[in-house]
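To start, the structure itself, in structure tokens.
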Amino acid sequence: MFMGIKERQQRERDRIREAILTAARELFVSDGYRNVSMRKIADRIEYSPAAIYSYFRSKDDIFFELAEEGFRKLAEHIVGAVERVPDPLNRLRQGLLAFYGFSKIHPEYFELMFVDRSVPQISQDFQRFEFFQATTARAAADIRACIERTEFSAGLDPAAALHILWVGMLGVAIIGLAKRLAPGEDPDALAHDLLELMLAGFSTSVTTTFVASECAFHAADALVAKDAHDHA
């Protein structure tokens, strides 16, 4: 079946758009976001800057497109790891290990999403990332279920506890990516041990003092949380 002119044009536009995103992602990671210009991206794919601007209005627009793509990949990776796990505690464990694993599978996305301090704040366009709220809400619901089952301390705030777990796994992922461990030291083993110690700590009489903000990533959507709890 022959492809029409419009279809060929759209396919070519899609190809160029993907080339722009790939070049930008590689440059953002290798050179740092602040050191990459639209001209540098254009040079990488051998196009004029004017051609790039016909696809994206600014470097920030390219970043947000890549960040959204990365968070969608992360959400899919976590869902794939937990969707058939019935126990809330183990589901929480597998989800956090999946988050760590994502840093190894997609290091360029991970560095762009969580490491580079010069990129625009995600809070500038939270609505674009609301889809990820379901992922964090389910994790918070699993923590709440563990509290109700007395597996975790009643002094834990689920949103605060999720922040603690996330920050811990984020730290070990960054250390692994930066290769800051000594020769022979295994970052995977460190990630495993850190997670188990954090979860074990939650079973003590610990009380959280951190107060999580209401945002698209960390505000536990009531309906999603209730659904996750009902199926715990």
Selection from the stretch 93-108 of residues surrounded by 21 or more Cβ atoms within 10 Å (Cβ to Cβ) and in contact with a Lys or Arg (Cβ under 9 Å, 6 or more places away or on another chain) yields Gly95, Phe102
Filter result (in contact with a Lys or Arg (Cβ under 8 Å, 6 or more places away or on another chain), under 15 Å from Thr22 (Cα atoms) and surrounded by fewer than 16 Cβ atoms within 10 Å (Cβ to Cβ)) within the stretch 34-73: Ser37
Taking interchain pairs and intrachain pairs at least six residues apart, which have beta carbon atoms under 9 angstrom, with the first residue in the stretch 90-102 and in the same structural domain as Ala189 (by TED's automatic domain parsing) and the second assigned to a helix (DSSP H, G or I) and of a type in the set (Phe, Trp, Tyr)? Leu96/Trp166; Phe99/Trp166; Phe102/Tyr109; Phe102/Phe110
Can you list residue pairs whose Cβ atoms sit under 8 Å apart, with the first residue in the stretch 201-213 being in a helix (DSSP H, G or I) and the second being surrounded by 10 or more Cβ atoms within 10 Å (Cβ to Cβ) and of a type in the set (Ser, Thr, Tyr)? Count only pairs 6 or more apart in sequence or on different chains. Phe202/Ser153
Being aliphatic (A, V, I, L, M), farther than 19 Å from Pro120 by Cβ and touching a residue at least 12 places away in the same chain (Cβ under 8 Å) narrows it down to one of Ala23, Ala19, so name that one. Ala19
When the residues of the stretch 198-232 are narrowed to those that are more than 17 Å from Thr150 (Cα to Cα) and modelled with pLDDT of 50 or more, which ends up nearest to the chain's Cα centre (by Cα)? Phe217
Matching residues in the stretch 134-156 - criterion: being touching a residue at least 40 places away in the same chain (Cβ under 8 Å), of a type in the set (Gly, Ala, Ser) and in a loop (DSSP other than H, G, I, E, B): Ser153, Gly155
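Which residue out of Glu46, Glu7 is modelled with pLDDT under 95, acidic (Asp, Glu) and part of a helix (DSSP H, G or I)? Full working, then the answer.
Values: Glu46 fails: part of a helix (DSSP H, G or I).
Going through Glu46, Glu7 in turn, just one is modelled with pLDDT under 95, acidic (Asp, Glu) and part of a helix (DSSP H, G or I): Glu7.
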Looking for whichever is farther than 30 Å from Ala145 by Cβ, in a helix (DSSP H, G or I) and of a type outside the set (Gly, Ala, Ser) here; the options are Arg13, Arg57, Arg117, Arg93. Which one fits? Arg13
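So, in the stretch 74-89, exactly how many residues are more than 17 Å from Phe152 (Cα to Cα) and either assigned by TED's automatic domain parsing to the domain that holds Arg25 or crowded, with 20+ Cβ neighbours inside 10 Å (or both)? Reasoning before the result, please.
Applying the first criterion (more than 17 Å from Phe152 (Cα to Cα)) to the stretch 74-89 yields 74-86.
From what is left, the residues that are either assigned by TED's automatic domain parsing to the domain that holds Arg25 or crowded, with 20+ Cβ neighbours inside 10 Å (or both) are 74, 78, 82.
Final tally of qualifying residues: 3.
The values are calculated or read from the model by the stated rules, or taken from the named source; none is laboratory data. All values derive from a computational prediction rather than experimental measurement. Note that each Cβ is placed from the backbone with ideal geometry, even for glycine, and that neighbours are counted across all protein chains shown.
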